[in-house]
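These notes concern the structure reproduced below.
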Amino acid sequence: MNLDDHSTSQPAGGFESLPASAPPPWPALDRLLEQPRPKFQHRYRFHVLLFVLTLITATLSGVTIQPGMSLGAILLSGLWYSIPILVILAAHEFGHYTFCRLHNVDATLPYFIPAPPLIFIAGTFGAVIRIKEAFPSKKALFDIGVAGPIAGFVALVPFLYWGVGMSEVKAHAGDVNTLSLGEPLLYQLMAWLHFGKLPDGVDVFLHPMAFAAWFGMFATALNLLPFGQLDGGHIVYSVLGRRSWYVSAATLGAAMFLTFLSLSWVLMTAMMLVMAIVLGFRHPRILDEHMPLDGRRKLVALFALVMFILCFTPVPISFLIGKP
C-alpha cells in the first residue's frame with residue numbers, strides 16, 4: 001500500500017508534483033503503523049478432513065477379521081486401535097499447541113497424517129503442528145518442546161495398562177511367521193503387573209489398544225531423541241545452549257548404528273541425516289540462550305529423560321521367521 005497523497009501543489013525546492021494517477025515513491029505511513037497480522041488463524045475444514053482420513057486409515061489398520069464376525073464386530077475391532085492412537089497423537093500435538101497459545105507463539109492446529117494401512121502397519125504417520133514464528137525465549141522453547149511428549153505420555157499410560165490387561169498370553173506355535181515388537185521398559189512393567197513372570201515358550205499377543213499405546217511409546221521415544229529440532233533437541237538446547245550440537249551429532253551416530261540392529265531405524269535415521277545436511281547440527285539461536293533454565297524446568301527436563309528411557313527400545317520392530 002502506498003501513501004494516498006494526490007496534492008498538486010508545487011513542493012518546496014522546486015520539484016514538480018506527481019500526477020494524481022502516479023504512485024508516490026515513499027512507503028505509506030499506514031503500512032508503517034499497520035496492526036500485526038492476527039495469530040492462530042486456522043483452516044478448520046482441512047484439519048477436520050485430515051483427522052477423518054486418519055481415523056479411517058487407522059481403523060482399517062486395526063481391523064481383525066475372523067470367521068463368523070459381523071460387520072459391526074469388524075468395525076469395532078478397528079476402533080479399539082484407532083481411537084486410542086488418535087487420542088494419544090492429539091494429546092501430544094495439543095500439548096505443543098496449548099503452550100504456543102500460552103507463550104503467544106503463532107502455530108497451527110494439528111495436522112493428522114494418514115498412511116496406507118497395508119503399507120504402514122500403524123495406519124498413520126503421526127501428527128504435526130507448524131509453528132509460524134521464532135521462539136521468543138528459551139523458556140518458551142522449552143515449555144513448547146516438552147509439553148507435547150508429556151501430554152502424549154500421560155495419555156498413553158492408561159491405554160497401555162488397559163490394553164495389556166485385555167491382551168492374551170499364548171504359547172508360540174511350532175513355526176513362527178509373525179511381527180515382533182520391541183518391549184520398552186514401560187511395557188515390561190505393565191506386562192509384569194498383569195501376568196507376572198512369563199514362562200518360556202509363551203508371549204503376550206497384544207490387544208489393538210495395547211498396540212496403539214505401543215505405537216504411542218515409539219513415537220514419544222522418537223520425538224524425544226536429543227537431535228536438532230525434534231522435541232528432544234529443543235529440550236537439550238534449552239538446557240545446554242550451543243553445546244547441544246555435540247549431543248545432536250552423537251545422536252545421529254547412534255541412530256546410524258541402530259540401523260544395523262533393526263531396519264525400523266532406517267527411515268528416522270535418513271530423516272535426521274537430511275536435517276543435518278540441510279540445517280546443520282546447531283539449533284537456531286534464541287535471544288536469551290545464555291540464561292540458564294530455572295530449577296523447576298530442569299526437573300521437568302529430567303522427567304523427559306525418564307520418559308525417553310521408559311519408552312525407548314533399540315529394536316522396535318522385527319519379523320520372526322521359523323522357530324522362535
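Identify all residues within segment 226-267 that are assigned to a loop (DSSP other than H, G, I, E, B), of a type in the set (A, V, I, L, M, F, W, C) and either closer than 18 Å to HIS96 by Cβ or not assigned by TED's automatic domain parsing to the domain that holds GLY280 (or both); write none if there are none.
PHE227, LEU230
Within this structure, PRO114 passes the test of being of a type outside the set (Ser, Thr, Tyr), on the phi < 0 side of the Ramachandran plot and touching a strand residue (DSSP E or B) at 6+ places or on another chain (Cβ under 7 Å).
The rows are residues; the columns are (1) closer than 21 Å to ILE235 by Cα; (2) hydrophobic (A, V, I, L, M, F, W, C).
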{"residue": "LEU50", "(1), (2)": "no, yes"}
{"residue": "GLY72", "(1), (2)": "no, no"}
{"residue": "GLY95", "(1), (2)": "yes, no"}
{"residue": "PRO116", "(1), (2)": "no, no"}
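Taking the criterion of being touching a Pro at 6+ places or on another chain (Cβ under 9 Å) and either modelled with pLDDT under 85 or not assigned by TED's automatic domain parsing to the domain that holds LEU261 (or both), the only residue of segment 181-202 that qualifies is GLY201. Of all residue pairs spaced 6 or more apart or on separate chains, those with beta-carbon atoms under 6 Å, a first member in segment 287-314 that is on the phi < 0 side of the Ramachandran plot and a second member that is in a loop (DSSP other than H, G, I, E, B) are ASP288/SER137; PHE308/LEU224; CYS311/PRO184; THR313/GLY182; THR313/PRO184; PRO314/LEU261.
Only one entry in VAL146, VAL128, VAL154, VAL169 is surrounded by 21 or more Cβ atoms within 10 Å (Cβ to Cβ) and either out of contact with any Ser or Thr (no Cβ under 8 Å at 6 or more places or on another chain) or closer than 29 Å to LEU287 by Cβ (or both), namely VAL146.
Taken over segment 272-299, the residue count meeting the criterion of being out of contact with any Gly (no Cβ under 6 Å at 6 or more places or on another chain), surrounded by 15 or more Cβ atoms within 10 Å (Cβ to Cβ) and assigned to a helix (DSSP H, G or I) is 3.
If you go through segment 84-106 one residue at a time, do you hit one that is charged (D, E, K, R), assigned to a helix (DSSP H, G or I) and surrounded by fewer than 20 Cβ atoms within 10 Å (Cβ to Cβ)? Yes - at least one qualifying residue is present in segment 84-106.
Of all residues in segment 242-260, those that are free of Cβ contacts under 8 Å to residues at least 12 places away in the same chain have Cβ atoms under 7 Å from Cβ atoms of residues that are surrounded by 15 or more Cβ atoms within 10 Å (Cβ to Cβ), 6 or more apart or on another chain, in THR259/TRP265; THR259/THR269. Checked against (1) of a type in the set (Ser, Thr, Tyr); (2) farther than 30 Å from SER180 by Cβ; (3) at pLDDT below 90, SER238 passes all but condition (3). Within segment 194-211, residues that are within 22 Å of ILE85 (Cα to Cα) have Cβ atoms under 7 Å from residues that are of a type in the set (Asp, Glu) in these pairs: PHE205/GLU168, counting only partners at least 6 apart in sequence or on another chain.
The values are calculated or read from the model by the stated rules, or taken from the named source; none is laboratory data. These numbers were taken from a predicted model, which means no experiment stands behind them. Cβ atoms come from the backbone with ideal geometry, glycine included; neighbour counts cover every protein chain shown.
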